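Structure first, then comments.
The values are calculated or read from the model by the stated rules, or taken from the named source; none is laboratory data. The structure presented is a predicted model; accordingly, all values stated were derived computationally and were not measured. Cβ atoms come from the backbone with ideal geometry, glycine included; neighbour counts cover every protein chain shown.
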Amino acid sequence: MSEIRCISPIDGSVVVARPSVGLEHARAAIAGARAARAAWFERPLEDRIAAVIAGMEALGAVNKEIVPELARMMGRPVRYGGEFGGVEERIRHMASIAAETLADIEVGEDTGFRRYIRRVPHGVVFVVAPWNYPYMTAINTIAPALIAGNAVVLKHATQTLLAGDRLAAAFHAGGVPEDLFVNLTLDHDTTSALIAERQFDFVNFTGSVGGGQAMERAAAGTFTGVGTELGGKDPGYVMDDADLGAAVATLVDAAMYNSGQCCCGIERIYVHESLYDEFVERAVATISDYRLGNPLDADTTMGPMAHLRFADIVRRQTAAAVAAGATAHIATMDADDGGAYLTPQLLTGVTHDMEVMREESFGPVVGVMKVSGDDEAVALMNDSRYGLTASLWTPDVERAARVGDRVETGTIFLNRADYLDPGLCWTGVKDTGRGGGLSVIGYHNLTRPKSYHLKKVTS
């Protein structure tokens, strides 16, 4: 049995350590969740919704404790107030559409027959949650899965172990049965074994490409559904008629917020040649104003990266780009210790021959390239093995739609970035994975269709 340890990026101290759950313990917990699911599904939909809403409210009641806890676990500054606003928005939306989305689809009824399609829960849904947004990302699946009548088993990331505890405690306090929603501390081998044994009826994973591949390998031949949201290299494109001030402010924030550790953070920016120089000048000034430091300090606007190894990747990519001819515009900040505390950086003179423009950085670095127009921008945006979001900047909505139709991505943003709208499907293409969270489609993925062909008479 291995020990799972969350190490604080602030000072290297151990935030929490606990043994991983063994295979037999995990099997027993999952069996209990499966047994509890039947009674949960039999409860009226409105009762399940009420329990989820109450769980959300219980989570909100301890948000003041959660915010500094997040800072200690993964480095996000306390000034940003945590994730509860996003959690509430997503839960309330999914609750509001549940009745209509989960209602029977009536196909036809007459004196002889009644026919309809019912959406029924998969059974036990396994949620493997990431550390970068440990509450919002987990809730994308937990809330609709419970509302739809599933049991939920949660495995949270090592870096944010306490988030799993908080989520389970809150929903239990709200009235979700303890054996129905189970939070387990699992190592990789046990996780793979449980999936391979077909212990789960659906698996939802958010994390690295390698992690997603491991999930699919474990599920191979079991016919267990697997939804994945993996790596990204999201682009921004500033067109010749863009509101430059708004574009700079939003794209810089989307590149640097959470120390660049956002699934849909902007990692590469293409700017029309007529605006390029001014964009770079303004962006450099904006980034230079960031205050790198201890995330528990209210004045800090950028904390450390969640782990030293993550910062090392960004440093290596940046150094390689500079060695190949790129220019780094931000001077090393005083708090940059060569470890988890990392200076945010903007690079020009970059090309797609450089790793920093091809592979996920997942840190506070962004490359900016000059483009001649839409065709060149689209070609560059599509020159990636990832596709989660793309941010377009123009007042011309129709032009944006035309360009967006050509971009290989899961979501097109116009004049904004780095936002998850719960009314829309959260999905990706290529190595970003497959599946869809939230929206009507989120419910479809967390249930299966069951058809009823009811003949009323036998003669």
Within region 56-79, does at least one residue satisfy the condition of being under 26 Å from G339 (Cα atoms) and loosely packed, with under 15 Cβ neighbours inside 10 Å? yes
Residue match in region 246-259 (condition: of a type in the set (A, V, I, L, M), out of contact with any helix residue (DSSP H, G or I) (no Cβ under 9 Å at 6 or more places or on another chain), in contact (Cβ under 8 Å) with a residue 24 or more places away in the chain and surrounded by 16 or more Cβ atoms within 10 Å (Cβ to Cβ)): yes
Kindly provide the set of residues from region 112-146 that are surrounded by 24 or more Cβ atoms within 10 Å (Cβ to Cβ) and of a type in the set (G, A, S), ordered by number. A129, A138, A143, A145
Only one of A214, A145 is part of a helix (DSSP H, G or I) and either in the same structural domain as E359 (by TED's automatic domain parsing) or touching a residue at least 60 places away in the same chain (Cβ under 8 Å) (or both), namely A145
Do you know which residues across region 17-55 are surrounded by fewer than 16 Cβ atoms within 10 Å (Cβ to Cβ), touching a residue at least 24 places away in the same chain (Cβ under 8 Å) and in contact with a strand residue (DSSP E or B) (Cβ under 7 Å, 6 or more places away or on another chain)? R18, P19
Region 139-167: number of residues that are among the small types (G, A, S) and within 20 Å of F310 (Cβ to Cβ): 2
Which is without any contact (Cβ under 8 Å) to a residue 12 or more places away in the chain and either more than 23 Å from C6 (Cβ to Cβ) or surrounded by 23 or more Cβ atoms within 10 Å (Cβ to Cβ) (or both), of D277, D240? D277
Examine region 147-168 for a residue that is crowded, with 18+ Cβ neighbours inside 10 Å, basic (K, R) and more than 26 Å from R385 (Cβ to Cβ), and state whether such a residue exists. yes
Kindly indicate whether any position in region 71-86 is touching a strand residue (DSSP E or B) at 6+ places or on another chain (Cβ under 6 Å) and in contact (Cβ under 8 Å) with a residue 24 or more places away in the chain. yes
Quick check: is even one residue across region 50-64 part of a helix (DSSP H, G or I), touching a Pro at 6+ places or on another chain (Cβ under 6 Å) and closer than 22 Å to R166 by Cα? no
